[in-house]
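Just so it is clear, none of the values below were taken in a lab; they were calculated from the coordinates. It should be emphasised that the depicted structure is a prediction, and the values quoted were computed from it without experimental measurement. Cβ: placed from backbone, ideal geometry, glycine included. Neighbour counts: every protein chain shown.
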Amino acid sequence: MNVVTLVAYECRLNDHFQLYGYLLLRDVYEALCIRITRESLVAGWVKSEKRERFEYEVHENSDGTFNIALPDMESDIRYVFPSEES
């Protein structure tokens, strides 16, 4: 994976964020080929006045590897989804 690919994934993830108003950590993990966890199914980001875009930071190390810093997220965004009781 290289920086160009990471930027393309970020763009695609932000499109999802803009369209649906939320983004699950699971979606980010899938894009970056990271194993999905149980927690990633409910943790994520919700579009708001404070967060209008989804962006992560990519830091390249001297050995050619990358560190990706994700923005602060909410640990449980289930409230975003419509309930079956409504």
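Assorted remarks:
- Between 25, 13, 70, the residue with the greatest mean-square fluctuation in the GNM of the chain (Cα pairs under 10 Å linked by springs) is 70.
- Rounded to the nearest 10 degrees, the inclination of helix 3-20 to the longest alpha-carbon principal axis of the chain is 10 degrees.
- Highest mobility in the GNM of the chain, judged by mean-square fluctuation with C-alpha springs under 10 Å and restricted to 27, 76, 63, is found for 63.
- Choice from 42, 58, 28 showing the highest fluctuation, given a GNM over the chain with Cα pairs closer than 10 Å: 58
- Answer label, with Cα Rg over 2.2 N^0.38 Å calculated from the coordinates and candidates [x] 1.21; [y] 1.17; [z] 1.11: [y]
- Assigned charges on the beta-carbon of Lys, Arg, Asp, Glu; the chain dipole about Cα centre (debye): 120 debye
- Charge dipole magnitude, Cβ of K and R +1, D and E -1 - the stretch 40-86, Cα centre, debye nearest 20: 120 debye
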